[in-house]
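Asker: The structure under discussion is supplied below as structure tokens; questions concerning it will follow.
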Amino acid sequence: MPTGPSILQVAIATPLRRCFDYHLGALLSSAAVMPGVRVKVSFGRSSTVGVVLERVDESRCQAGKLKAISAPLDELPLIPSSLLALLQWASDYYAHPIGEVIFSALPSLLRQGEPAERREVEHWCLTCLGASQEPDQLTRAPRQAALLRLLMDHPEGLSASTINERQDNWRPSMRKLAEKEWVVREQRPALLLPAPGGTRDEAPTLNVEQQTALASLCTGLGHFGVSLLDGVTGSGKTEVYLGLIGEVLARGEQALVLVPEIGLTPQLLDRFRRRFPEPIAVLHSGLSGRERLDAWLMARDGDAAIVIGTRSAVFTPLARPGVIILDEEHDASFKQQDGFRYSARDVAVKRAQLENIPVLLGSATPSLETLHNARLGRYSHLRLCERAGNARHPEVAVLDVRKQPMNSGLSLALVNAMRRHLDADGQVLLFLNRRGYAPTLLCHDCGWVAKCRRCDAHMTLFAGRKRLRCHHCGSERPADPACPECRGSELCPVGAGTERLEEALQGLFPGTGMVRIDRDTTRRKGAMQALLDSVHDGSARILVGTQMLAKGHHFPEVTLVGMVDVDQGLFSADFRATERMAQLITQVAGRAGRAQRPGQVLIQTHHPDHPLLQLLLREGYAAFAHAALEERRQANLPPFSHLALLRAEAVDGELPLRFLRQARELAEALHPYGVQLLGPIPAPMERRAGRVRAQLLLQANRRVDLHRLLDPWLQQLETDKLGRKVRWSVDVDPQEMF
């Protein structure tokens, strides 16, 4: 067996649950390749990129079979030791291959072996001669004068892309200024510059609740602790975040802020840039590979004082970590639903523990898991019970639409309320959590329904493009001109989506500015911000949208919120459905009356006596959460027990259940003390994307019992012959059961 300090354990992006041993080779010193460094290695019949995890004294491979690394790709560790420890913990906790975990945390260009270098971008700044000039003297060159004023407002200089945002066709005028030696062009590392000092916002005076919460959070800086900021919608949680970040920056440290949706990033970024002069890095899936790498390196090198990102940004390296903040911590978007299935919220808590820094979880509707931890004293529970400023809680009422005439899902009572608020110069937000024109296309003659050919699901009709689309597998086809079974021509759209709702409103309120905000209208880069701008400048009076509108947006002129259909969320086989519906109702209702004007919320339902609605209306989300936790305790469901879900799928409909039955037998042979095996059974949606699916649920009262079983069990499944014929995965702490 080969021995010595020259043996490296390398993580490679493969589905195998292990790392691979290599030796340094004769040309490399052991000091040149440390844990966290990327290396080029031979793997199989090709070469690939790996990350060094550890240097060990001996290898399991025979001396003659141990390969040498081809070359190191980094001079210094790319991944800091604390972040490497976090990734190894995540691999163990979520029972996912270490190579895939590490490479999912890296920007795509680094996975491909590109150098860890930031690009240089064009910058323009004033020379000493230019700074002494008066723009007013350029009376015959107004464009030059405008550029001179712009650069005087930014003594640190401006990037060419930023100047593009401020002025059109500016380069000829800039060349004239350069000829006068008033400006100079430089190449600088890519950096997101802050807003100009003259336009930065001053911190507002906080109310007593905000001051108390901020003071408590500031005392926790410098050591690990978890705090829940439980504030009603409009209570000013973001101002508490900003105040805490200000203290962190004053200590010379960095802040990591996680948000659930890309759509929230632009408005949050704008607010942060107006408050802080320090550079900010942004990380989300809408960036190009180069933009993401630049932001990642800015954070790692410490040049970005604030990092704002979505779920995967939790793995961003920080030179001087000071605090982690999760906004809307309850949101399901923080859980990755495929591949490496991790919870960014739980990973953030573990990272804060490893870095010995505080983590703040903020929400108006905290998850039951977080509330449970707060009740046990594991988390500090800070409350903001009143709205900031003079804003009042909206008036909430249920509209019983049973036996009422409906126009594309709109009752007469809701339409009349809309007219009153629009006449009073208010804005109206209508919420419907269904995209498209109609969720079902039905033949009136024979009852045929347009179904997905690859899933056990109906196709959604998109009338604007005359197409049918499956929201589960993404398949599309042209809408049928006639019934394929009886050739009848009367095909009826059943139900309403946001597209149909928008069409009905255009007929009811002609000439009224209107925007629809859902995944279909916000696909293009910048589309979301353009729609939000039309809301804030008042040109859009009616807002129609899905849950994208329910998350953290501030619409001060919205005085009426109408929830068109909440019934679909009131009845579900998923035990989390009522929690999510309560959160959604509370969050959407919170968009009304956030400024000086009073707000009203109208909820349309065919089930006005449903206990969830009644409890929410009478006593609010806190009372609902208390009752829901008691139900979970009695049923021994999370957070009072711990789950893992083994999923399997295959084109052959028999294989998934056969594999899972065999998996259960293997688990039982390991004597799984404290773990209950439930199933296997077909998945609630058995056929999806052309593959048949099944699942086996593991439940344990103690987390340690669950993990004691998972490691040896999954190692056996990895080598199982039947397991190679199906696509299988394990989901620890699953949030979706379908």
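The values are calculated or read from the model by the stated rules, or taken from the named source; none is laboratory data. This structure is a prediction, so every number in the text was calculated from the model and none was measured. Heads up, the Cβs are rebuilt from the backbone with ideal geometry, glycines too, and the neighbour counts pull from every protein chain shown.
Asker: So in region 128-162, with the set limited to residues that are under 17 Å from Ala178 (Cβ atoms), surrounded by 12 or more Cβ atoms within 10 Å (Cβ to Cβ) and polar (S, T, N, Q), which one is nearest to the chain's Cα centre (by Cα)?
Answerer: Ser159
Asker: I would also like to ask the following. Out of the residues in region 319-343 that are of a type in the set (A, V, I, L, M) and surrounded by 24 or more Cβ atoms within 10 Å (Cβ to Cβ), state the one that is farthest from Glu253 (Cα to Cα).
Answerer: Applying the filter and picking the extreme gives Leu326.
Asker: Residues that are in contact (Cβ under 8 Å) with a residue 60 or more places away in the chain and on the phi < 0 side of the Ramachandran plot: which strands (runs of 3 or more DSSP E) entirely in region 514-633 hold 3 or more of them?
Answerer: Result: 542-545, 558-563, 600-605.
Asker: Separate question: Assess whether Ala479 counts as being surrounded by 15 or more Cβ atoms within 10 Å (Cβ to Cβ), closer than 26 Å to Val564 by Cβ, assigned by TED's automatic domain parsing to the domain that holds Asp520 and out of contact with any helix residue (DSSP H, G or I) (no Cβ under 8 Å at 6 or more places or on another chain).
Answerer: no
Asker: Here is a follow-up. Only one of (1) over 18 Å from Val415 (Cβ atoms); (2) polar (S, T, N, Q); (3) in contact (Cβ under 8 Å) with a residue 40 or more places away in the chain fails for Thr498. Which number is that?
Answerer: With (1) over 18 Å from Val415 (Cβ atoms); (2) polar (S, T, N, Q); (3) in contact (Cβ under 8 Å) with a residue 40 or more places away in the chain applied to Thr498, the lone miss is (1).
Asker: Of everything in region 671-714 that's β-branched (Val, Ile, Thr) and in a strand (DSSP E or B), which residue is nearest to Glu649 (Cα to Cα)?
Answerer: Residue satisfying both the conditions and the ranking: Val692.
Asker: What are the pairs with Cβ atoms under 7 angstrom where one residue, in region 295-317, is not assigned by TED's automatic domain parsing to the domain that holds Val282 and the other, located anywhere, is in a strand (DSSP E or B) and surrounded by 24 or more Cβ atoms within 10 Å (Cβ to Cβ)? Sequence gap at least six, or different chains.
Answerer: Pairs that qualify, where the first residue is not assigned by TED's automatic domain parsing to the domain that holds Val282 and the partner is in a strand (DSSP E or B) and surrounded by 24 or more Cβ atoms within 10 Å (Cβ to Cβ): there are none.
Asker: Mind counting the residues in region 160-184 that are at positive phi and either touching a strand residue (DSSP E or B) at 6+ places or on another chain (Cβ under 6 Å) or modelled with pLDDT under 90 (or both)?
Answerer: Matching residues across region 160-184 total 1.
Asker: What's the total number of residues in region 118-156 that are touching a helix residue (DSSP H, G or I) at 6+ places or on another chain (Cβ under 6 Å), of a type in the set (D, E, K, R) and in a helix (DSSP H, G or I)?
Answerer: Qualifying residue count for the region: 2.
Asker: Note down all Cβ pairs under 8 Å where the first residue falls in region 238-256 and is over 12 Å from Gln211 (Cα atoms), the second is of a type in the set (Ser, Thr, Tyr) and not in a helix (DSSP H, G or I), and they're at least six residues apart or on different chains.
Answerer: The qualifying pairs are Leu256/Thr316.
Asker: Of the residues Gln662, Gln715, which is over 26 Å from His372 (Cβ atoms), modelled with pLDDT under 95, more than 27 Å from the chain's Cα centre (by Cα) and not assigned by TED's automatic domain parsing to the domain that holds Arg17?
Answerer: None of the other options fit; the residue is Gln715.
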